[in-house]
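Working notes for the structure below.
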Amino acid sequence: MTEVVHTPRVFSGIQPSGGLTLGNYLGAIKRFVTMQETGIETIYCMVDLHAITVWQDPANLARATRELCAGFIASGIDPEKSILFNQSQVPEHAQLGWIFNCVARMGWMNRMTQFKDKAGKNAEAVSVGLFSYPTLMAADILIYHSTHVPVGEDQKQHIELTRDIATKFNNDYGVDFFPITEPVIEGAATRVMSLRDGSRKMSKSDPSDASRINMTDDADTIAKKIRKAKTDPDALPSEAAGLADRPEARNLVNIYAALADMTVDQVLAEAGGKQFGAFKPMLADLAVAKLSPISTEMARLMQDTAEIDRILGRGADRAQAIAAPILAKTYDIVGMVRSR
Ligand code: TRP
């Protein structure tokens, strides 16, 4: 069997559940923009079908999908350069997801730690969709024969499952059809943690609004949240190693470095020795300077939702042009009769 060489193609997705946070921006969207600028084909998806694995109010879901689209564009995703769309407008994702439900094994799915974390003690009452979530994610990726997927550390296991599904499909049917996708995992520096607890990821679902910076927060709110962020009483060290056992301090320095496009050591070369009373206002000023143009642009874009819908529709057309032939080939491989 000759080895098929797949051309590089980047895919990633973000759930349109709740608003966009600084964590989504620094940990995902900002990196998506960098990848877009390399000239590799980039496909970015608002995964609304994944969002409904837990209850979503319909009006909020629609608003969050459009707001996420506005957030992508305001942050520098160019809908001409990248393919930008919402998942449900390309039904091939769900169709390939079903095939993958029949490829993935219960034993593999039972090992998914994110399901265990999300279901918790409630495992009997959560949706079947929450359990099969990773097979749909594998379909999102493989319906485009994507070779690279930028994701956070928490999604690494799902990418490994995607590779297992591709391998088993290829073996079972004796083909070399799906690529073995590479995860592109963010470095620790772009992992944004909660402002209230440096051991937890900044999340739109955290009950405390003070734990996160929302992309729609105004300058006063951003400054206040940073001022109140949990820290320790010590001054900043002058080298990164000095942050090792100080998760909250490290988080604020990481955020500064990511916003300023500097390394942690570069930040500490300037800020080492400062107390948080002095560093926090610097961080607040920088955050406001970087985020307010984005939130202003998001608000402007949200005034014309018809234009956002047009962009999503056009993105979906372009996505479907890639996905439909790959689904058709998959059906042929599996033995589904296609007679029209
Ligand atoms: N599971 C991802 C998350 O919660 C979102 C997602 C869905 C995704 N499908 C994807 C990410 C495909 C990358 C590729 O962050």
Amide H within-cut-off set for I213, under 5 Å, with H built and near neighbours excluded: L22, G23
Antiparallel DSSP beta bridges within the chain, as percent of all bridges there, nearest 5: 10 percent
Degrees separating the helix 92-101 axis from the principal Cα axis of the chain, which is the longest one: 80 degrees
Debye-sum result for segment 92-201 in log10 I(q)/I(0), which assumes one identical scatterer on each alpha carbon, at q = 0.19, 0.22, 0.23 Å⁻¹: -1.02, -1.22, -1.28
Built amide H within the under 5 Å cut-off of M193, gap 5+: M202
P(r) tail fraction, segment 1-44 - alpha-carbon pairs more than 14 Å apart, %: 58 percent
For peptides 40-50, 205-215, sequence by mean Cβ density within 10 Å, most packed first: 40-50, 205-215
Dimensionless Rg ratio for the chain, taking C-alpha atoms and the 2.2 N^0.38 Å reference: 1.05
Rounded to whole Hz, the Karplus (6.51, -1.76, 1.60) HN-Hα couplings of segment 311-316, x for glycine and proline: 4, 5, x, 5, x, 5
Equivalent ellipsoid semi-axes - Cα gyration tensor, segment 33-75, angstrom: 26, 12, 6
The chain, helix-only ellipticity at 222 nm - DSSP H runs n ≥ 4, -39,500 (n - 2.57), divided by all residues, nearest 500: -16000 deg cm²/dmol
Rg to Rh quotient for segment 1-107, alpha carbon positions, Kirkwood Rh: 1.02
Share of pairwise Cα separations in segment 272-331, more than 13 Å, in percent: 76 percent
In degrees, nearest ten, helix 247-260 long axis to first principal axis of the chain (Cα): 80 degrees
Segment 1-100, accessible area per residue, ligands and nucleic acids excluded (1.4 Å, Å²): 40 Å²
Segment 209-300: relative contact order in percent, alpha carbon pairs under 8 Å with at least 6 residues between: 38 percent
Per-bin percent of Cα-Cα distances, segment 183-231 [10 Å]: 26, 51, 20, 3
For segment 209-300, Kirkwood radius (reciprocal of mean inverse C-alpha pair distance, Å): 13.5 Å
Segments 154-163, 111-120 sorted - mean Cβ within 10 Å per residue, highest first: 154-163, 111-120
log10 of Debye I(q)/I(0), alpha-carbon scatterers only, for segment 52-134 at 0.13, 0.23 Å⁻¹: -0.61, -1.14
Which listed pairs, of K168/K201; K224/K280; K118/K168; K156/K201; K121/K225; K116/K230, have C-alpha distances above 21 Å, in listed order: K168/K201; K118/K168; K121/K225; K116/K230
Listed residues A299, Q266, L236: farthest to the positive end of the dipole of segment 209-300 (Cβ charges): A299
C-alpha long axis of helix 58-74 to longest principal axis of the chain, angle in °: 70 degrees
Efficiency of FRET between E297 and R340 - r from beta-carbon atoms, R0 51 angstrom, step 0.05: 0.70
Heavy-atom accessible surface of the chain: percent carbon and sulfur, 1.4 Å: 52 percent
Surface per residue (accessible, 1.4 Å probe) for segment 209-300, Å²: 47 Å²
In Hz, Karplus ³J(HN,Hα) per residue of segment 334-340 (6.51, -1.76, 1.60; θ = phi - 60°; x = Gly, Pro): 6, x, 7, 6, 10, 10, 8
Among A59, A271, A219: highest mean-square fluctuation, GNM of the chain, C-alpha pairs under 10 Å: A59
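The values are calculated or read from the model by the stated rules, or taken from the named source; none is laboratory data. Predicted model, so just to flag it, every value in this text is computed and none were measured. Note that each Cβ is placed from the backbone with ideal geometry, even for glycine, and that neighbours are counted across all protein chains shown. The area values use the complete protein model at the heavy-atom level, side chains included, leaving out ligands, DNA and RNA. Shrake-Rupley method; radii C 1.70, N 1.55, O 1.52, S 1.80 Å.
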